[in-house]
1. Express as a percent, rounded to the nearest 5, the fraction of DSSP beta bridges in the stretch 39-193 (both residues included) that run antiparallel.
2. Extension gain Leu101-Lys37, at 0.36 nm per residue separation less the Cα-Cα distance, in nm?
3. Assuming a ≥ b ≥ c are the square roots of the Cα gyration tensor eigenvalues, decide whether the stretch 78-127 counts as rounded (a/c under 1.5), prolate (otherwise, with a/b larger than b/c) or oblate.
4. Which value at 222 nm does the chain reach when only helices count, each DSSP H run of 4 or more adding -39,500 (n - 2.57), with the total divided by all residues and rounded to the nearest 500 deg cm²/dmol?
5. Mind listing the lone cysteines of the chain, meaning no other Cys beta-carbon sits under 4.7 Å from theirs?
6. Tell me, how many Å apart are the Cα centres for the stretch 68-108 and for the stretch 125-144?
7. Check the straight Cα-Cα distances from Lys111 and name the lysines below 27 Å, setting aside those fewer than 8 residues away within the same chain.
8. At a 1.4 Å probe radius, carbon and sulfur cover how many percent of the accessible area of the chain?
Amino acid sequence: MMMEKNTKVRICNPLVDQNGIDVRLIGKTLIPIYRFKEAILRRETEGDWCTLGVMYFKNMATSKNGNPYTLWKMSDLSGGINSISVMLFGKSHARHYKIQLNRVLLITAAKVMEDKSGKGDVTICVNNPEEIVELGDSIDAGKCQAKKPDGSGCTALVNLSSCEYCMYHVKKAYKSVSNKRGDLQSSFSGPGS
């Protein structure tokens, strides 16, 4: 097990050690996923940059012109669990579509795509297979342990080293407990207190 020193992402079964990562970062600006939107506004993605995170979702599809591609979602598991979308086309798709979920990846020199949805979503495009480096498996990426009202499990991404529940379910539990606190307090308050 190792902890990548820049992002604090914990990696088991590492394929590249920290020195190998450091060599790949020489001359590049490492942009953490949690601050990617800010980096775009500051034009940091116009230079030589890279990002590192956990691929926690993937979907393979075919474009309108019949070409296969892969869509990933990645996060660095920090704070509020921000994520970016990564699209793989051509040779990059052909080489990397089989990568398993919860792999820690370093992505360099990808192209930032325009946000056509207007939602502020970040999507990067990888055409060159050499722009993706597998670093190992994530120890901390997991699914929220809460149950939905229909009994199925919540599918939100969580950082297991911080909490087994997503922010939605933590807030919901806090609200439930805080609502009961008033009832509890009034039952112990006698007349004249």
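The values are calculated or read from the model by the stated rules, or taken from the named source; none is laboratory data. This one's a predicted model, so the numbers in the text were calculated from it and none came from an experiment. Methodologically, a virtual Cβ is constructed for each residue, glycine included, from the backbone with ideal geometry; neighbour enumeration extends over all protein chains shown. To get the accessible areas, we keep the full protein, side chains included, count just its heavy atoms, and leave off ligands, DNA and RNA. Shrake-Rupley method; radii C 1.70, N 1.55, O 1.52, S 1.80 Å.
1. On the way: 30 of 34 bridges.
Of all bridge pairs located within the stretch 39-193, approximately 90 percent are antiparallel.
2. On the way: separation 64, 0.36 × 64 = 23.04 nm, distance 2.38 nm.
Contour length minus Cα-Cα distance gives 20.7 nm.
3. Details: a/c = 2.20, a/b = 1.24, b/c = 1.77.
Oblate shape, in that a/c is at least 1.5 and b/c is the bigger or equal ratio.
4. Numbers: 4 runs with 43 residues, N = 193.
Calculated mean residue ellipticity at 222 nm is -6500 deg cm²/dmol.
5. Cys with no partner Cβ under 4.7 Å: Cys12, Cys50, Cys125, Cys163.
6. The two parts, judged by their Cα centres, are 5 Å apart.
7. Of all the lysines, those that pass the test against Lys111 - Cα under 27 Å, at least 8 places apart if same chain - are Lys5, Lys8, Lys28, Lys37, Lys58, Lys64, Lys73, Lys91, Lys98, Lys119.
8. Values: 6010 of 11640 Å².
That share works out to 52 percent.
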